[in-house]
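Reading through the structure tokens given below for one structure.
Derivation of every value follows stated rules applied to the coordinates shown; laboratory data play no part. These numbers were taken from a predicted model, which means no experiment stands behind them. Reconstructed Cβ throughout: ideal geometry from the backbone, glycine too, with neighbour counts over all protein chains shown.
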Amino acid sequence: MTAAASSVLAACTDRQSVMAAHGSEAERIALLAIIVFAGAGVVMLVVVSALWLAVRGSAGQRAALAGERAIRIGGIAFPVITLTALLGYGLWLMRESLAIEARPALRIEVTGEQWWWRLGYRDRDGNTFAEANEIRIPVGVEVEFELRSADVIHSFWVPSLGGKLDMIPGRTNRLRLKADRPGVYRGQCAEYCGGPHALMALEIVALPQAEFDAWLSAGQRAASIPADEAARRGSELFLAAGCGGCHAVRGTAAEGTIGPDLSRVGERRFLAAATIPAGRGNLARFIADGQSLKPGNLMPPFRIFTPAELDALAAYLASLK
Ligand code: HEC
Ligand SMILES: [Cu+2]
């Protein structure tokens, strides 16, 4: 990773909040939310005042409130006009999100899996490559996410960038998001999908275009051959222990597709769908006893390794970039 990219990652990890909007889609949703809440507040005040008058008001006020005219205005005309205006305004505000025609500059496949995110990228030369859990995008560009599910219903939601959209088995839903500044935006599976659903999070890392391009063009190349002794030993253990039955590392005999692609796992900020911070210690811990870190996840614990072997495996995985 370049020095500039790491400074982006260190600088701003935003709070996961609809009100911390950092993309055009999210800004529209936040504005609409403020208008709806403010409007509802005014209506609430009027209703409570009317209620107060109905109980405590003079005989004349009570009679006026009970009259047919009050019902026609307050019960029919007012809601019809307010809700129609709100609907019209909402449709106008969201017109850009509703009109999806132009081809997006970048398309990323995101498949919800129990309980992580499978990613598919295509680089400028048309080569595709797999990634997982950490979604890198360029800043200031509208990105289309092709949302699918491999098993049950999940929901893709990164509040600071936009609204959520369900991932439904057998369907492809499309969502367009744009980050207006570099940063890390946390997201969450927003539809209960069983087991450790609460630990199915993700991060979108928005990089300046040039950095993103460099990252993307290195995407499909084979993983580098480990330089140091521990990592080399780790790469042998990885194949010998059968990790490759479920995981792929490009350019090696590991070609499994059941679990996350690990070709660049050493770059990720977090492991196991934003459950624990990355790093050699946590890699070793996750391999030996991932079930206590993310209970119910679909990777079996590997208690067969000595501490030195675990460390070698972790060194290998951390070197994959
Ligand atoms: C039976 C299939 C299976 C085998 C075998 C397996 N894994 Fe996994 N692994 C998974 C699944 C599924 C996940 C995703 C867990 C989650 O986050 O819910 C995972 C996650 C991981 C992660 C975290 C990846 C990320 O993107 O955060 C690492 C690292 C990992 N496995 C390493 C290993 C190593 C090392 C071995 C061999 C000792 C191994 N795995 C064997 C299925 C497997
Ligand atoms: Cu879920």
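Odds and ends about this structure:
- Virtual spin-label span in nm between THR306 and ALA33, 7 Å along Cα→Cβ: 5.4 nm
- Euclidean distance between Cα centres, region 134-153 to region 167-215, Å: 5 Å
- Subtracting the Cα-Cα distance of ASP180 and VAL18 from their residue separation scaled by 0.36 nm leaves 56.8 nm.
- Comparing mean-square fluctuations of MET44, MET200, MET94 from a GNM of the chain with C-alpha springs under 10 Å, the top value falls on MET44.
- GNM flexibility winner over the chain from ARG285, ARG124, ARG69 (Cα, springs under 10 Å): ARG69
- For PHE302, neighbours were defined as the other residues whose beta-carbon sits under 14 Å from its Cβ, and their charges (Lys and Arg +1, Asp and Glu -1) total -1.
- In Hz, Karplus ³J(HN,Hα) per residue of region 189-206 (6.51, -1.76, 1.60; θ = phi - 60°; x = Gly, Pro): 5, 10, 9, 4, 10, x, x, x, 3, 5, 9, 10, 10, 7, 10, 9, 9, 9
- Fewest-first ordering of SER224, SER149, SER58 by other beta carbons within 10 Å of each residue's beta carbon gives SER58, SER224, SER149.
- Spin-label model, ALA54 to ARG122: label points 7 Å out along the Cα-to-beta-carbon direction sit 5.9 nm apart.
- Using every pair of distinct Cα positions in the chain, the Kirkwood expression returns a hydrodynamic radius of 22.4 angstrom.
- For region 24-98, the calculated P(r) over all alpha carbon pairs, in 10 Å bins from 0 to the bin holding the longest distance, is 17, 37, 24, 15, 7, 0 percent.
- Result for the chain in a Gaussian network model with C-alpha springs under 10 Å: among PHE78, PHE305, PHE129, the largest mean-square fluctuation is at PHE78.
- When the trypsin sites (Lys or Arg not before Pro) in region 196-257 are filtered for DSSP coil states and for at most 16 other beta-carbon atoms within 10 Å of their beta-carbon, the remaining sites are ARG221.
- Within the chain, helices built from complete DSSP H runs that reach 30 Å or longer along their own axis (Cα positions) and carry a mean Kyte-Doolittle hydropathy of -0.5 or higher are 24-56.
- Convex hull (Cα only) mean projected area of region 107-217, reported in nm² to one decimal: 6.2 nm²
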